[in-house]
Every structure is written in structure tokens, then in C-alpha cells.
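Data first, discussion second: the structure below is written as C-alpha cells.
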Amino acid sequence: MNFLILLLLSVFWGSNSFAENKKLPRTLQPIVLDSLKIRNDAKMNRMDLSELVEKWSFIRLEAAGIACAGEIRLVNVIDDYVLLEDIKDGKVRILLYSISGKFIAQIGEQGEGQGMYQYATAYTLNPFTKQVLVLDGKRNLRHVYNFEGKHLESGDLPEFSFMISDIRFVNKDVLLGSNKVMLDNPIAYFMTDIKFSQQQLVAPLNVTWSAGAISFASQAFSVFKGDISLLRPFCDTIFGYSENRLYPKVVLQTKNSVPRGYAIIPGCDYMQTRHRLEIGGFEEKSRIFETNNYLWIEYQTGHLLYNKTTDKGLYHLNQTLYTAKMIPPQNIIGQTENSFVVSLTAAELFAWKQQLIQQHITPAKQFQKLLKDADGTGNPVLIFYTLKDL
């Protein structure tokens, strides 16, 4: 409970600090994206996103021995590493790979013994110290493992750790976390040290949900080279975080999630509010990613791409388009410095291959290499897309 009291006090402190509205440095002035910068028309929505790809490559995650994945639950790309969560022989596993696809280790083990996690609520890796942090929300424990999968230490977590949906290292010593929407949860984002002994509220949660716990976005924030981008429920501002306060990083005046001038009622029911807005034609943002040149904002039915170099962008509807060139970039799961990353299971890749055969499409040379061994078995494939300037 001390954790909650501390953060509630931080809500008061944080909101006053932000309300002072000090003039932001020029480097932190928000980017305003309107209909002049972001094209959102029939031509864009029919466009093959492959046309935007400057180059692409792929890797197969090694599948020998214990590296052979079971039922895939989640694939995360963090810096130069890949964390894969699967279920095999009735147990959840966390597998670590290099960005080149080489298997490194199985991280810990699910169970009730010392150094085991019973329910992995959230996990991430620290690329600075080469350690993996796993939060066990069922037992309110944190576990630290090295890159060989060996357990290093465990420690207690705050009482409400089961509501954490995602965590990511901002630097060697500091984590950014996001929480699920629940009835009695006032916290959207928080900063903490690795031991969770010092927490600071980043943003309060302005919605609730009485039917359980739900994430308001599948990728609610992005950390790119230490730079943070935060989505918030029913909000058309994407926030950054600097000098212990939020600041408006990107303001969307097109492809809005709420009507202009919309004021959310604090504590409103998340799902009811979302349903009402969807009836009115408004969509929540679900994911955000960033590279050196691009910002990728994903919605339920499409995605907004903003080129930071040219100050231009487009909105594109999700569509399944089979071409000879490549699998178009969509359903992004991660980022590197210059590329967005897509993960395809063996079954998904095999389905693409079958569709091309049925439609009598002969894939280009590089595409043939990707599809050559696609038989519906094996580990996922990661595809890396570097986009051209718009």
C-alpha cells in the first residue's frame, strides 16, 4: 500500500508541476501533425506499402534443441536481442536470442521453486548489464537472470505489481513501466529503479474498468535511444518525458481518437467510453514505435507513418496484399535504429507461401529465399524493414 500512497502523492506533485506550463525548450516543442502533413485519402489506402521499403532482410530464430519454440505467445525485439515467450510441455518459457537469430539461453523456469517465476506478468532485458528482469505478479516477486539464464537474485515487488503490463529500461538503472486499466488503479506510467525501491509517477490513469484488468494499448510506449514516447487513453497527444515531467511530443490533428475539444470524465469506464467513441468513428491508438527516421503509430484498422526527416507522413489502412516483392510491413512488433520489425510464425509464413501459389504469383529472388523452407514448422522469422523518405 505504501507504493500506492507514494504514487498518489506523486500524482498531486506531478500534476502541479505540469500545470505550471513552463515554456518548453525549442528542442522539446511538439510536432503538430495535421492533414497537410499526413495524407489520408483513397490513393494512400490503396497503396502497396512495399513501395515505401528501401530495403528489407530477414532472420530465422535458431530452432535446435530447447531453442525450438512451442506455442508462440509473444516476440519482443529490444536493442540487439529478441525475447520470445512460448508454451511448451505445459509450461511458459522465456527464450533469449541475438538479433541475428542465434539462440542464447532459456531464461529461468516457470515453477514455485527458488529463482523460478510462477506467472511472468512482465519482463525485459537490460542491454547495459546483460541481465533479464522477470516480474512474477502472482507472488509479487522480481527475478534477475544473466544472459546464460542463470538466476542471480530475487526480491519483493510492491503490492500492486500484478497490474504491470510492460516494462523497459530507459538507461542502466531506471525502468519505465505501464499499468493495466482496473477499477482501483490510478497509475498509467511510472519510473522505478531495478529493485522497485524508489518509484515516481510519470502519468496518472484517467479511466477505470470494473470487469477485470485490460491493457489500453498493446505497445503503450516506446523507448528509443533513451527517448520516450507515451500513448494515453482517449488522447490525441503523444507525450515525451524529460526533466521529471511530461511534455507534448506529438499533437495529432488528423486521424484523431477523440473529437476536437473532447474532455474525458475522470474515472469513466474504459470499455464503455471506447465503444461510444468507436460508434462515432474514432479509434484508439494501440502501438507506437520509433526509428531514426520514422514514427509508427498503429490503430485497430490502420497505421500512421511520420517521416521525421521530411516532416511528412501518411495514414494507411491495414490490408492483406500479396505481391511478388515481399510481405508488406504491418503488425510491427519492434524496432532497431533504422528498421521496423515484423514477426511471422512458421504457420503464418506457410500461409503466405500457399496464397502466392494459389494466385500464381512468382516471388522475387529475395522473397524466394524467405519462403524456400516454409513448411509450417519451426521457429518464427523476423523481417526488418528500412523505409524510404516520404
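Here, each number is a calculation from the coordinates, and none is a lab measurement. Everything numeric here is computed off the predicted structure, so don't read it as measured data. With ideal geometry, Cβ positions are generated from the backbone for all residues, glycine too; neighbour counts draw on all protein chains shown.
Evaluated at q = 0.11 Å⁻¹, the base-10 log of the normalised Debye intensity for the stretch 252-378, with identical point scatterers placed on the Cα atoms, takes the values -0.55. Using DSSP to define loop residues, name the trypsin sites (Lys or Arg not before Pro) in the stretch 216-280 whose beta-carbon has at most 15 other beta-carbon atoms within 10 Å. Sites meeting the loop and neighbour criteria: 225, 260. When the Cα atoms of the stretch 210-290 are aligned to their principal axes, the ranges along those axes come out at 37, 31, 21 Å in descending order.
Rg then Dmax, both in Å and based on the Cα atoms of the stretch 259-332: 15.6, 50. With θ taken as phi - 60° and the Karplus curve 6.51 cos²θ - 1.76 cosθ + 1.60 applied, the whole-hertz 3J(HN,Hα) list for the stretch 384-390 is 10, 10, 9, 8, 6, 6, 6 Hz, x standing for glycine and proline. As a length-normalised measure over Cα pairs under 8 Å and 6 or more apart, the relative contact order of the chain settles at 17 percent. For the options 317, 152, 175, a Gaussian network treatment of the chain with springs between C-alpha atoms closer than 10 Å singles out 152 as fluctuating the most. A dipole drawn for the stretch 214-347 from +1 and -1 charges on Cβ atoms has a positive end, and of 253, 292, 233 the residue lying farthest that way is 253. Excluding same-chain neighbours fewer than eight residues apart, the lysines reachable from residue 138 by a Cα-Cα span under 28 Å are 88, 91, 130, 150, 172, 180, 195.
For a straight C-alpha distance cut-off of 30 angstrom, the lysines reachable from residue 37 (same-chain residues fewer than eight places away being disregarded) are 22, 23, 55, 225, 249, 255, 285, 308, 312, 325, 388.
Once every DSSP H run of n ≥ 4 in the chain is given -39500 (n - 2.57) and the sum is divided by its residues, what mean residue ellipticity at 222 nm do you get, rounded to the nearest 500 deg cm²/dmol?
My calculation for the chain gives -4000 deg cm²/dmol from helical runs alone.
Can you tally the net charge around residue 265? Count Lys and Arg as +1, Asp and Glu as -1, for every other residue whose Cβ sits under 14 Å from the Cβ of residue 265.
Numbers: positive: 274, 276; negative: 269.
Residues close to residue 265 contribute a combined charge of +1.
Reducing the stretch 300-322 and the stretch 127-165 to their Cα centroids gives an inter-centroid distance of 36 Å.
Normalised by the residues of the stretch 307-366, what does the relative contact order come to in percent, with Cα pairs under 8 Å and at least six apart? Computed value for the stretch 307-366: 34 percent relative contact order.
Determine, from the Cβ-Cβ distance of residue 148 and residue 292 and an R0 of 35 Å, the FRET efficiency 1/(1 + (r/R0)^6), rounded to the nearest 0.05.
Values: r = 32 Å, r/R0 = 0.91.
Efficiency, rounded to the nearest 0.05: 0.65.
Summarising the label geometry, the points placed 7 Å from Cα in the beta-carbon direction at residue 264 and residue 225 lie 3.0 nm from one another.
What the pair-distance distribution of the stretch 132-208 shows, using all Cα-Cα distances binned every 5 Å from zero, is 3, 15, 25, 27, 17, 7, 3, 1, 0 percent. Using the Cβ-Cβ distance between residue 308 and residue 129 with R0 set to 22 Å, the FRET efficiency works out to roughly 0.15. In the list [x] 62, 56, 39; [y] 78, 49, 36; [z] 85, 43, 36, the label attached to Cα extents along the principal axes in Å as derived from the coordinates here is [x]. Stretched out straight at 0.36 nm per residue, the stretch from residue 100 to residue 377 would grow longer than its current Cα-Cα span by 97.8 nm.
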